[in-house]
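Peer 1: Have a look at this one.
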Amino acid sequence: MTGIDMSNAIEPLVGKRTAQALESLDITTVGALVRHYPRRYVDRGKLTDIAGLEIGEQATLVAQVEKSVLRDMRSRRGKLLNVVIRDEKGATIDCTFFNGHKVQHIIKPGVRAVFSGKVGVFNNKLQLTHPQFEPLDEADEIRPFLSVYPATGKITSQQVARCVRQVLDLLDDPTDPLPELVRGREMLADLARALRRIHVPESEADIHAARHRLVWDEAMGVQLALALRRQATAQRPAAACPPKAGGLLDAFDAQLPFALTAGQHAVGAEISADLAREHPMNRLVQGDVGAGKTVVALRAMLQVVDGGRQAALLAPTEVLAAQHARSLRALLGPLGKGGELGASEQATSITLLTGSLGAKARRQALLDAQSGAAGIVVGTHALIQEHVGFADLGLVVVDEQHRFGVEQRDALRSRGELAPHMLVMTATPIPRTVAMTVYGDLEVSALRELPRGRSPISTTVVPLAEKPSWFDRVWRRAHEEVAAGHQVYVVCPRVGGTENDAGADADLVDTDDPDIGADSDDGQAKRPPLAVLDVAPKLADGALHGLRIGVLHGKLPPDEKDAVMRAFERAELDVLVATTVIEVGVDVPNATGMIILDADRFGLSQLHQLRGRVGRGQAAGVCLLVTEMPAATSARERLDAVAGTTDGFELARLDLELRREGDVLGALQSGRRSGLRLLSLLRHEEIISKAQVYASHIVADDPGLRRHPGLAALVGETVGDEERAAYLDKV
Ligand code: ADP
Ligand code: MG
């Protein structure tokens, strides 16, 4: 026993200078250091001999620096380092480093290192151009695997490795946080062993077993945090709003012009039961575009209004909020005209409250919310930040969840004595592991079928690189749709105009799709993405001459946005040239054409959402994905995937594969550095789902985790100590 445990500061063990360098990796404690896992390993058994290298090969080899010469670069500033390295069998190869002045102190004659890079040719000789390298020390020489760590400019991988080994030698075996029962059933290595093995493996099997065990730690940390979060919300009091016979909801159902789908019925029943309880509902309804979520939400709101309380509906953009207000009013008819002359007795009223209202209208809207005159308040997500007062807010509906994170959900929950019920609705299908993690604090319902009478959408990629003549056909198709009495959207990635707007629409709260306008992964320098303000006038004078064209984007003044949207809804415009401001929720059944320009600049789910704007009426929809990207690039594969299926679930899975997972899991944690290093939503579905079951049982049995201090610490490592305290100190 040395008395050193995971919470010890690192500095006394490694010295001040190294400790400072480690701080650049956010490592200050023993625990943080031993949880800083190697990024990859070099298997000494799989090293290549220099003699056997071939052009184009990706090679990893151990060699000694024989000669190194610093030279001026011919056409650029800076210096090259030309190096000759020799392996144990005596063969040599040249290497060139572009940052010569920086590496000359490390790559000195006599130094042995692991070099890895692509084998090329220069002056008729093989060479490694700017390879990665890891100098080796004596201890490394005898090990079968070299651990390579994420490093910074301040500390090399090898220095990290040395610190880790030093600390592992001093560390008392840590108490294993995972209960005996879990470890036994899942046949997991104990923590001390796993930590040693992941840093200093003897075999591939070691690496595998260690990672498996440490993934479990992370999965348990996440699932316990979620179980605690569920427990904390479930205990809060909420106003019970049981269904009321002969109330507003009944009257609404009686006048509904269509029959609810089986899914709308089933989900409606779940929500209705939730609302009747004295603890807040926390439910996510997921249904593909056009599945009919609005009616489901409205029925929930009416049940709450029947209970004498108010409901708020939050949308991600002002355009969408305004449209929601209009469609709720249309659905409700006379039942939405409360307070007006001749309205029926049960009627309620709907108030739109957005930032763009004039001062007077805004005052009135605030007053209606505060006095309770408004049964339903529709607004953007900003409603929750602006501390709008409600007389008695019983339900918050959040539409289009994918722009609404955990933090915002919390902001809603933490208002007032009674927590409002909460219903979130998303059109983006959620893969199972994401549902179990990012949305793990919510119950999930799915609307799987679409209402009858939906029309099919055909999607075609228009590859201008190979088929430039198709561009004309795109616009001819637009004319055909309009000639048949329909309408067409043309979407561009960017607004345009003077400022550099990179496609961001001012009123979109936080976009989680891949950067629009960023350079593509296909390594081509691209022209700036097409912009609405450039494309619209060109179309008006050219390919779409004679059609009535409107323009919609986030930079328009709000009343203008609204006017354009209404004109399009009333079919006073044939074509709407827009940004992704129309991505979510816009519902114009007469629109049949969706033409997306520079389609490669959009994310998968964005494209799916955009496509969902057509095919909402009687006539079939057509979606054209126009791109200049050449065939066989990943951008084109993405477009082919969208063209290949309208199954939102399939696309969501692909999207998850393409997105950096960190971004997805990052949403779990309120802006802090992720404690999750190994857990993958793609690869660890089984572990995540088992961990969820264990975590629920453990929390039910020991709500404050008093008998599981190790697990409580694990929760802190995963979501931060502040959040951990918020869950555990209340119990
Ligand atoms: P989303 O789930 O994408 O929000 P909406 O709620 O906007 O879908 O519904 C799309 C359209 O389908 C609306 O015009 C709505 O009135 C209509 N709709 C909803 N439910 C049904 C139903 N059961 N039968 C027929 N039409 C329906
Ligand atoms: Mg909707």
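Peer 1: How large is ³J(HN,Hα), in whole Hz, for each residue of segment 315-326 in order, when computed from phi with the Karplus curve 6.51 cos²θ - 1.76 cosθ + 1.60 and θ = phi - 60°, using x for Gly and Pro?
Peer 2: With coefficients 6.51, -1.76 and 1.60, one gets 10, x, 10, 5, 4, 6, 4, 4, 5, 4, 4, 5 Hz.
Peer 1: Taking the simple approach of a point 7 Å from Cα along Cα-to-Cβ for both S75 and A620, what is their distance in nm?
Peer 2: Distance between label points: 5.3 nm.
Peer 1: Taking the Cβ-Cβ separation of E141 and A51 as r and a Förster radius of 25 Å, what is the calculated FRET efficiency to the nearest 0.05? Walk me through the numbers on the way to the answer.
Peer 2: Working: r = 21 Å, r/R0 = 0.84.
Result of the calculation: an efficiency of 0.75.
Peer 1: Please compute the contact order of segment 263-412 in relative form: average sequence separation of alpha-carbon pairs under 8 Å and at least six residues apart, divided by the residue count, as a percent. Write out the running numbers ahead of the final one.
Peer 2: Details: 201 pairs, mean separation 40.1, N = 150.
27 percent.
Peer 1: In addition: What number, in percent, do you get for the relative contact order of segment 42-145 if the mean sequence gap of Cα pairs under 8 Å and at least 6 apart is divided by its residue count? Let's see the in-between values first.
Peer 2: Details: 226 pairs, mean separation 30.4, N = 104.
Once divided by the residue count of segment 42-145, the mean separation gives 29 percent.
Peer 1: Points 7 angstrom from Cα along the Cβ direction at K89 and N123: gap in nanometres?
Peer 2: In this crude label model, K89 to N123 measures out at 2.5 nm.
Peer 1: Hey, rough spin-label estimate for R707 and R432, points 7 angstrom out along Cα→Cβ, what's it come to in nanometres?
Peer 2: Here the answer is 3.1 nm between the modelled labels.
Peer 1: Would you work out if segment 291-404 is rounded, prolate or oblate? Take a ≥ b ≥ c from the square roots of the eigenvalues of the alpha-carbon gyration tensor; rounded if a/c is under 1.5, else prolate when a/b is larger than b/c, oblate otherwise.
Peer 2: rounded
Peer 1: FRET efficiency for R473 and L682, Cβ-Cβ distance as r, R0 = 41 Å, nearest 0.05? Kindly include the intermediate steps, with their values, before the conclusion.
Peer 2: Numbers: r = 38 Å, r/R0 = 0.93.
Once rounded, the FRET efficiency stands at 0.60.
Peer 1: Filter the cross-link list K67/K118; K46/K690; K538/K561; K46/K154 down to pairs whose alpha-carbon distance in this structure exceeds 24 Å.
Peer 2: Details: K67/K118 20 Å; K46/K690 36 Å; K538/K561 21 Å; K46/K154 30 Å.
The answer is K46/K690; K46/K154.
Peer 1: So what's the gap between the Cα centers of segment 700-721 and segment 231-308, to the nearest angstrom?
Peer 2: 34 Å
Peer 1: If you don't mind, there's one more thing I want to ask. Quick check on segment 1-47: what are the equivalent-ellipsoid semi-axes from the Cα gyration tensor, as sqrt(5λ), descending, whole Å?
Peer 2: 25, 14, 10
Peer 1: Once the Cα gyration tensor of the chain is diagonalised, what are the square roots of 5 times its eigenvalues, in whole Å and ordered largest first, as equivalent ellipsoid semi-axes?
Peer 2: On the way: eigenvalues 552, 270, 85 Å².
Semi-axes from the Cα gyration tensor: 53, 37, 21 Å.
Peer 1: Whose amide H sits under 5 Å from the amide H of L352, counting only residues 5 or more places off or on another chain, with H placed in the peptide plane?
Peer 2: Placed amide hydrogens put V378 under 5 Å from L352.
Peer 1: Once amide H atoms are placed 1.01 Å from N in the peptide plane, what residues at a sequence separation of 5 or more from V285, or on another chain, have their amide H within under 5 Å of its amide H?
Peer 2: Answer set, sorted by chain and number: V424, M425, T426, S445.
Peer 1: Determine the relative contact order of the chain: mean sequence separation of Cα pairs under 8 Å and six or more apart, normalised by residue count, in whole percent. Please list the in-between numbers first.
Peer 2: Values: 1361 pairs, mean separation 91.0, N = 731.
Here the relative contact order equals 12 percent.
Peer 1: Can you tell me which of 642-654, 370-382, 63-75 comes out highest on packing, and rank the rest after it, using the mean Cβ neighbours within 10 Å?
Peer 2: On the way: 642-654: 18.0, 370-382: 21.5, 63-75: 13.3.
Order by mean packing, descending: 370-382, 642-654, 63-75.
Peer 1: Same structure, new question: D392 to A359: FRET efficiency via 1/(1 + (r/R0)^6), r the Cβ-Cβ distance, R0 30 Å, to the nearest 0.05? Show your work: numbers first, answer last.
Peer 2: Details: r = 26 Å, r/R0 = 0.86.
Here the calculated transfer efficiency is 0.70.
Peer 1: Determine which aspartates and glutamates satisfy two conditions relative to K360: a Cα distance under 13 Å, and not lying fewer than 8 residues away in the same chain.
Peer 2: D368
None of the figures in this text is laboratory data; all of them are computed from the coordinates on show. None of these values were measured; they are calculated from a predicted model. Because the Cβ atoms are built from the backbone with ideal geometry, glycine has one as well, and the counts that use them run over all protein chains shown.
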